[in-house]
Amino acid sequence: MTEPPAKRSRAGHGDDSIYWDKSKNRYIGAVSLGYTPSGSRKRPKVSGKTKAEVRQKLRELRKELARGARAPASYTVAQAVNDWIAQGLKGKEATSIGTYRSLADNHVIPYLGAARLKDLEADDVDEWLEGRAEVLATRSLRMARSILRRSIAHAQRRGRAVRNVADLVELPEGQPGRPSKSLSLEQGEAVLCAMTGTWIHAYVVLSLLVGVRPEEARALTWRHVHCATTGIDKPHVDVWRSVRRHGDTKTHKSRRSLAMPRQAATVMAEHKARQKAELRAVGRERTGWTDDRLVFPTSTGKRRDATDVRRNFRVLLLAAGFENPGEWTTRELRTSFVSLLSDHGIPIEVIARLVGHSGSVTTERVYRKQLRPVISDGAQAMDEIFGDDETTGQETSGHD
C-alpha cells in the first residue's frame, strides 16, 4: 500500500496527531501526554493502514487512558508472567519461586504466552484451563491459574493491562493428586532397623518417631537436641528452626519442643558420638565441634538439600526391602508418624500439637486418610509401638 503522506501539523498538548510513516508504510496516530519525570516525551502511539483505522484506535486508546491504564499492543502474556516472577515475588522462598517458574514454563507460557495481553479473552483462559485439567491435579491447576491472575494484576498496576480476565473464569476439576502414603507397622519396623549406624538411619528414626518436618530436620543443630534425661526434663528435641527464609519454622505453632522416645534418644546419642569420633580421628575434636554443628550435615559440614536427603532415604528403603523405594518421599515419614499415633489411639488434638499445627482442623484436612477416631502422648506411645519388654521402663542414658 502506498499513499501520499498527509500534511503533518504539530499537535498541542493532549491533542491527537495522525501522520504517514514511510519506513513502516502505515499511518501513525499519537497522543501527547507531556513528559516523564526523566524529561522524555510521553506519546503513546497506534498504527493502521488507513486514517479511519487509526482514528478508531486512537478513540480506544483514549478510553483506556481515561480508565487509567493502557495495554501495550505488543505486550504478551509471556512478558507479563516473566515480569511478575522477576518483580512480584521479591522476598519469597527460592523453592517457592522455583515452583512458580516451573509451572509457568511448563503449563502457562507454552499455551498462552504468545497471546497479546490486550487481546486475551475469558474464553481463551477457559479453554486453556480445560486442557490443563486433563494433566494437572486440582491444586496444581489452581496454582497455574493463580500465576496468570497475579501476572495480569501485576501488569494492571503498571498500566499494561486494563482488565483481568483470569478473574472471570471458573476453575475446573483437575486430576486426583498423588495420594500421600504412610508406613505400616511392619514397614516402620523395617526402616528403623535398616542401615543402623549411618546418618540417614538417625534421620529416619528422628523423623518417624518424633514427627519433625523434613525442613526442620535438615536445619537442626546439636544445641537443640537433648539426648539425656536431666532433672525433670526427658530427652527431647527443640524444633525451633527450619531451612525456610530467616530460619523460621513454618508457623508460630510449629516452634515446639518434643520429647523423644527411648529408641530415638539412644540413636541420636550414638549419632552424636560418631560425629565426635570422626572429628577426633582427624584431630579436630576440640576445634571442629560446637553445639551449633548441624545434626545431619554433608561431609563438608554444610546443610544437606532436600534432593540429597531423599536420595539417601530411598537407598535406606531399598536396604529395608522396599520393592519401589522411588515411590516414597521423606515427607511421608511425618505422615506415618500421624498414622501410627492415630492407630494407637492418640487424640487428634494431641497429634496436632505434636506436628506443630495451629489446630486440629489443619491436621484433619492434611492427614484425614491417616486419622482414626480416638482417645491417650507422642513419645510414650512410640515407646509402646516400637519398644520391647527389655527396654520398657528403662531410662536412656547419654550426653549432650
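No value in this document is a laboratory result; all are computed from the given coordinates. Owing to the predicted nature of the structure, the values given are computational and were not obtained by experimental measurement. FYI the Cβ positions are ideal-geometry reconstructions off the backbone, even for glycines, and counts take in every protein chain you see.
Annotations
- From the alpha carbon centroid of the range 136-158 to that of the range 280-349 is 35 Å.
- Sorted largest first, the principal axis extents computed over the alpha-carbon atoms of the range 116-239 equal 68, 35, 25 Å.
- Put simply, the C-alpha atoms of the range 77-168 give a gyration tensor, and the ellipsoid matching it has half-axes of 18, 18, 10 Å, longest first.
- In terms of overall dimensions, the C-alpha atoms belonging to the range 16-66 reach 33, 26, 12 Å along their principal axes, ordered largest to smallest.
- Cα-derived Rg over Rh, computed across the range 282-355 with Rh taken as Kirkwood radius: 1.12
- Extension gain (nm, one decimal) between Asp233 and Cys193, 0.36 nm per residue minus Cα-Cα: 11.7 nm
- Derived scalar couplings ³J(HN,Hα) [the range 301-316; Karplus, 6.51 cos²θ - 1.76 cosθ + 1.60; whole Hz; x for Gly, Pro]: x, 8, 6, 6, 8, 4, 5, 5, 5, 4, 5, 5, 4, 6, 5, 5
- Basic side chains Lys and Arg get +1 at the Cβ, acidic Asp and Glu get -1 at the Cβ, and with that the dipole of the range 77-168 about its Cα centre reaches some 600 debye.
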